[in-house]
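> Handing you a structure now.
Please treat every number below as a calculation from the coordinates, not as lab data. Values in this document were obtained by computation on a predicted structure and should not be read as measured data. Note: ideal-geometry Cβ built from the backbone for every residue, glycine included; neighbour counts use all protein chains shown.
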Amino acid sequence: MFWSLLSGIILMCLAFTVSAATPQDLLKSYESQSGKASSVRGEQFFNAKHGNEWSCASCHENPPNHDTKHIVTGKVIKPLAPSANPARFTDEARAEKWFKRNCNDVLGRDCSAQEKADVLSWLMTVK
């Protein structure tokens, strides 16, 4: 009984470790799908409205290194830059969830791997 409990705990810990990531890990993953990221393109993308009403900066502001509020709901948004919020971009599933939601709000579609790579590359330079 003890060994099966211990092995269950170890498996849970390993599963958690596998899902953990760093912003650098995610950037490498996006770049492997698209090509080299550009922080210049990332900042331009972040600030552009892309033909719609909102940009990323509408809610996250520029620089995205402090708490902000969603422009419609007023909900507090923690800093987007990993330097100001070390928990950002440490969980791939969570990062993908928020990219999907926010890209649909800003672009009306999912972001490409190149767009994600560029934005993340720029966010990693924000102090």
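> List every residue pair whose Cβ atoms sit under 9 Å apart, with the two residues 6 or more apart in sequence or on different chains, where the first one lies in the stretch 99-127 and is over 16 Å from residue 53 (Cβ atoms) and the second, anywhere, is acidic (Asp, Glu) and surrounded by fewer than 19 Cβ atoms within 10 Å (Cβ to Cβ).
99/110; 100/110; 113/31; 114/31; 116/96; 117/31; 121/31
> Name the residues in the stretch 78-111 that are hydrophobic (A, V, I, L, M, F, W, C), under 17 Å from residue 47 (Cα atoms) and not in a helix (DSSP H, G or I), would you?
Within the stretch 78-111, 80, 81, 111 meet the criteria.
> Okay, moving on. One residue is enough: does the stretch 38-59 have a residue meeting the conditions among the small types (Gly, Ala, Ser) and buried (at least 20 other Cβ atoms within 10 Å of the Cβ)?
yes
> Now for a different question. Please pick out the residue among 114, 44 that is within 16 Å of the chain's Cα centre (by Cα) and assigned to a helix (DSSP H, G or I).
114
> Among 76, 72, which is the only one that is in contact with an Asp or Glu (Cβ under 7 Å, 6 or more places away or on another chain) and without any contact (Cβ under 8 Å) to a residue 12 or more places away in the chain?
Answer to the selection: 76.
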